[in-house]
Amino acid sequence: MAELNKLLRDNIRKLIPYSSARSEYMGEASVLLDANENPYNEPVNRYPDPLQIRLKKQIARIKRTTPASVFLGNGSDEAIDLIIRAFCEPKQDNIVSIDPTYGMYKVCADINNIEYRKVLLRSSFEIDVESLLDSTDQHTKIIFLCSPNNPTSNSFYRDDITRILKSFPGIVVLDEAYIDFSTGEGFLPSLTDYPHLVVLQTLSKAWGMAGLRLGMAFADSRIIDVLTKIKYPYNINVLTIETALKALRNPGNKEKWVSAILHQRDILEKELNTLSFVLKVYPSDANFLLVKVNKPHEIYQHLVKQKIVVRDRSSVSLCEGCLRMTVGTKDENAMLLDALKTYQQN
């Protein structure tokens, strides 16, 4: 990695962060009169821990890392935005990513007035590593990758990601939101090998807590310190912290849900392949299937009339004619298949 201070924006390097009452005193106390809080309506009358120490310790145990390597954001989107704000100078630096992929990388780049360079995946949905690296220059601060990728649903070759990590001196962000549904290990155990790597994960997918908006970034403690320095003081609320702590004490639930989703994914893939208008169901390492059909807009509207909503991805690069279908419960998947069979009969 290039020296961290050289990668950071000058104003971020010099920034003196806001010091909240809860960050100045972290111990136990009988009377809290330091933050101008209302003394009534416990527990939500008190500001949350700005560093989320208990929650980070619990996550670190589950993920087999250290609390100092964990950043918690209001969804992974907050971490994405903060990484861009920390390292990219507006109108000067650029970001390189793949196409197609998760749309918020570009949105956050656009909001921050950062050039966003898209490198088309191969027709097999794999990374064109040469083209990706060739698209970088001295002003490229970040490469964003998503594996398993959304919307293509595949995991990228580990050797390709490793090559990028070894070749690019800037920050490499690897979004592993769907890693729990993949047979691959992911790169979290490799953080110590690559101090410029940031791994994003989430409680939204496998853990079934999308409504909490709790994203996780794992990285070298120096990068985590930067993100902590520039985040808003109380970015994770009390109810989210307590609900997440309770859920993380029962990891068996997550394993049970993942197993059920993977089982239903196999059934759904098999049934979809029997439909005459389905041209291809792409292999999936995620909790959704990318399905190529002959009339995507017509099929989408047919499903909407049946009050079933999937995602029309037919206008996305390399996904012409494709619908993205999330794997639901057994009953939800049956309703989807019944509606598709009705369309076929018509």
Inset, instruction - Output the residues belonging to region 180-194 that are surrounded by 21 or more Cβ atoms within 10 Å (Cβ to Cβ) and over 22 Å from residue 221 (Cα atoms). - result: 180, 181
Inset, instruction - Please verify whether region 250-268 includes one or more residues that are assigned to a loop (DSSP other than H, G, I, E, B) and not polar (S, T, N, Q). - result: no
Legend entry - Meets criteria (touching a Gly at 6+ places or on another chain (Cβ under 6 Å) and under 30 Å from residue 183 (Cβ atoms)) for residue 292: yes
Inset, instruction - Could you tell me which of the residues 280, 270, 246 is charged (D, E, K, R) and within 27 Å of residue 72 (Cα to Cα)? - result: 246
Inset, instruction - Six or more apart or on different chains, Cβ under 9 Å: which pairs go from a residue in region 157-173 that's at negative phi to one that's surrounded by fewer than 16 Cβ atoms within 10 Å (Cβ to Cβ) and in a helix (DSSP H, G or I)? Could you list them? - result: 165/193
Legend entry - Residues (of a type outside the set (Ser, Thr, Tyr), surrounded by 16 or more Cβ atoms within 10 Å (Cβ to Cβ) and closer than 27 Å to residue 247 by Cβ) located in region 263-287: 264, 265, 268, 285, 286, 287
Legend entry - Of the criteria (1) in contact with a Leu (Cβ under 6 Å, 6 or more places away or on another chain); (2) surrounded by fewer than 18 Cβ atoms within 10 Å (Cβ to Cβ), which one residue 36 fails: (1)
Inset, instruction - Among the candidates 320, 298, single out the residue that is farther than 16 Å from residue 336 by Cα, without any contact (Cβ under 8 Å) to a residue 60 or more places away in the chain and acidic (Asp, Glu). - result: 320
Legend entry - Given (1) farther than 29 Å from residue 211 by Cα; (2) under 19 Å from the mean Cα position of the chain (by Cα), index of the condition residue 29 fails: (2)
Inset, instruction - Looking at (1) assigned to a loop (DSSP other than H, G, I, E, B); (2) surrounded by 15 or more Cβ atoms within 10 Å (Cβ to Cβ); (3) not acidic (Asp, Glu), find the lone condition where residue 307 falls short. - result: (2)
Inset, instruction - Just one of (1) closer than 17 Å to residue 141 by Cβ; (2) part of a strand (DSSP E or B) trips up residue 216, so point out which. - result: (1)
Inset, instruction - Filter the helices (runs of 4 or more DSSP H) completely within region 84-198 down to those with at least 1 residues that are under 19 Å from residue 12 (Cα atoms) and over 14 Å from the mean Cα position of the chain (by Cα). - result: 104-111
Inset, instruction - Only one of these is farther than 30 Å from residue 8 by Cβ, modelled with pLDDT of 95 or more and of a type in the set (Val, Ile, Thr): 202, 243. Name it. - result: 243
Inset, instruction - Considering only region 231-249, state which residues are in a helix (DSSP H, G or I), touching a helix residue (DSSP H, G or I) at 6+ places or on another chain (Cβ under 8 Å) and surrounded by fewer than 16 Cβ atoms within 10 Å (Cβ to Cβ). - result: 245
Legend entry - Residue that is loosely packed, with under 14 Cβ neighbours inside 10 Å and in contact with a strand residue (DSSP E or B) (Cβ under 9 Å, 6 or more places away or on another chain), where the choices are 14, 6, 91: 91
Inset, instruction - Output the number of the condition that residue 325 fails; it satisfies all remaining conditions of (1) crowded, with 20+ Cβ neighbours inside 10 Å; (2) hydrophobic (A, V, I, L, M, F, W, C); (3) assigned to a helix (DSSP H, G or I); (4) out of contact with any Gly (no Cβ under 8 Å at 6 or more places or on another chain). - result: (3)
Legend entry - Of all residues making up region 106-139, the number that are touching a residue at least 40 places away in the same chain (Cβ under 8 Å), within 18 Å of residue 170 (Cα to Cα) and hydroxyl-bearing (Ser, Thr, Tyr): 1
Legend entry - Failed item, numbered, when residue 75 is tested on (1) more than 18 Å from the chain's Cα centre (by Cα); (2) in contact (Cβ under 8 Å) with a residue 60 or more places away in the chain; (3) at positive phi: (1)
Legend entry - From the options 16, 59, residue that is within 26 Å of residue 141 (Cβ to Cβ) and of a type in the set (Val, Ile, Thr): 16
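The values are calculated or read from the model by the stated rules, or taken from the named source; none is laboratory data. Fair warning: this is a prediction, and the values are worked out from it, not measured in the lab. Glycine gets a Cβ as well: all are built from the backbone with ideal geometry, and neighbour counts include every protein chain shown.
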